[in-house]
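Values quoted throughout were computed directly from the atomic coordinates according to the rules given, and no laboratory measurement underlies them. Computed from a predicted model, the values in this text were never measured in an experiment. Note: ideal-geometry Cβ built from the backbone for every residue, glycine included; neighbour counts use all protein chains shown.
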Amino acid sequence: MRSAAGALAAAAFAFSASAPAQENSCALPNALRAQSDRHAVYFRMSPPPAVGRHFGLVFAVCGLAGASQPDSVAVDARMPSHGHGMNYRPTVATLGGGRYRAEGLMFHMPGVWELVFVLREGGASGRITHTFVLR
């Protein structure tokens, strides 16, 4: 009886440890994280954004709670207090395995920006945002 309880406890630990490990396996090292209830996005900006300088993103989209990979992704940015976005439309390339590269982003003024990831899945779309201050 005691060994059965130990085996059950070990199985429960292995099951609970497998869900976070599965999500983290798609995470990018040294990346920022933003999430919704269905997906987490891990991303790195390169070079670091500066006013008036183009930069790119490498990012990974991880399904949470059994969510599948989105059918498509897009990236945008906006300044909520000003009511406008970037002056440029970035392109997104699929790298495979839930990873993507976005090129052609540029923040044309300092202030509070929202980086917006738009995920389309099964005819519906959702947004994941990350807010930061550009000085």
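Observations on the model:
- The residues of the stretch 83-112 that are assigned to a strand (DSSP E or B), of a type in the set (A, V, I, L, M) and surrounded by 14 or more Cβ atoms within 10 Å (Cβ to Cβ), listed by number, are Val92, Ala102, Leu105.
- If you go through the stretch 117-135 and pick out every residue that is of a type in the set (A, V, I, L, M, F, W, C), within 23 Å of Ser81 (Cβ to Cβ) and touching a residue at least 60 places away in the same chain (Cβ under 8 Å), you end up with 3.
- Subset of the stretch 113-135 [part of a strand (DSSP E or B), over 15 Å from Ala40 (Cβ atoms) and of a type in the set (D, E, K, R)]: Glu114, Arg120
- Within the stretch 83-135, tally of residues that are aliphatic (A, V, I, L, M) and under 22 Å from His39 (Cβ atoms): 11
- Enumeration of residues in the stretch 38-82 that are more than 20 Å from Phe107 (Cα to Cα), touching a strand residue (DSSP E or B) at 6+ places or on another chain (Cβ under 9 Å) and not in a strand (DSSP E or B): Arg38, Leu64, Ala67, Ser68, Gln69, Pro70, Asp71
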